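None of the figures in this text is laboratory data; all of them are computed from the coordinates on show. Treat the numbers as computed from the prediction; the structure is a model and nothing was measured. Quick reminder, even Gly has a Cβ in these numbers, built from the backbone with ideal geometry, and neighbours come from all protein chains shown.
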């Protein structure tokens, strides 16, 4: 097999220049599950855990610019209250005292939420988004907000308020997006769990670029409360391990009547052990996604992992859904969504809206009703085809991204393997093709090429998160790629691109 030899790398770090953390920062290397257990058993206090992560943010964040709004005093006060609850013997939640960072697209009560846009530079919501409220109810302690591109548009994390977020494995490269700040905070040990959102790959693409885990749940698994019937935009968990992603999912999933797609099943099952045999699982291995271009390193690293699934006892056969027509259908529906959300703002202050969003609005304005009808018909057919596909197979495995992490100064790749990419989302089709399936999908660390991470994408049937997490966990444990953390760069002075404040 053409997999990197791990024995000499395991437990070591690769990437940016190293720094020496304090002994207290050792807590930052624990998983969310381990931290919750330590706090529950009184072997560590919530205040110690939060203080360690705040110290890591202070030391490392200036180099990577992942956390753009920090609420240190509030977090320490919340941690003190968490310790008092433990001392009293109160009933505590599964994430009691565990730090979390929330993507800056997700509203947080009394904490600045900018959406990466100058329109909302000083916006302070009065109410938590449901995913935030549920994390808090489970005992998680908010440290702050993580960087995102303007309105989450694009898979390169930069905006005019805070600047760019850098890949911790190579500070000259992008971390992807749009949940880029969350993934970098995870990779650098600034938080053990984080929230993200995903329309065309925003939970998966940056996870792949930064060697962490990003789960795009089935639509409705983690409810949103805007009343939308669209299955494309979802919120979900990010973590350094599959087990932590599953634990986090168990606290943020569950029915809510404000979401018409909401799934009414008990989410606590996701907190159960993921251990167990996956022998006999039927895995469909990608064949090229209808001829999409991929960089050679991505193909090589992903395809080397086919043998891992075979060694786990899976039945692996080459097959993939029919994605014909998705190139036209999903962008059509995306143009409509962006136009509905941002056209009024663009008319008000066009200079405050980046050109790619203005392009989305212009495309929506030239579309006809017939264009929209065709896109919606293709969406319905894709769901039927996906259902039939998962009658033959249990899982679908393919690359997360078509490219390796690219230069931090490049807004988006304009070509992949010599093939021109006319728009800012064309290079992400290996992700948004999967979004069109309405299936849960997870990005797990799949290996490295020239010191940079490559992600493996596993897709399951609609509402099949449990089996998907178990297979991803089995792959993770067999390869241990996720243990190869970046060296943490020491930096001092003001954070790159912006000032941290609540």
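Of note:
- Going by neighbour counts of Cβ atoms within 10 Å, the residues 300, 392 line up, fewest first, as 392, 300.
- For the range 315-461, the equivalent ellipsoid built from the Cα gyration tensor has semi-axes of 29, 23, 12 Å, listed from largest to smallest.
- q = 0.13, 0.14 Å⁻¹: log10 I(q)/I(0) that the Debye formula gives for the range 212-354, counting C-alpha atoms only: -0.93, -1.05
- Per residue Cα convex hull volume in Å³ - calculated over the chain: 136 Å³
- Note on the range 160-273: percent of Cα-Cα distances in each 10 Å bin, starting at 0 and stopping at the bin with the largest distance, equals 16, 42, 30, 11, 1.
- Every Cα-Cα pair in the range 98-160 was counted, and those over 17 Å apart are 38% of them.
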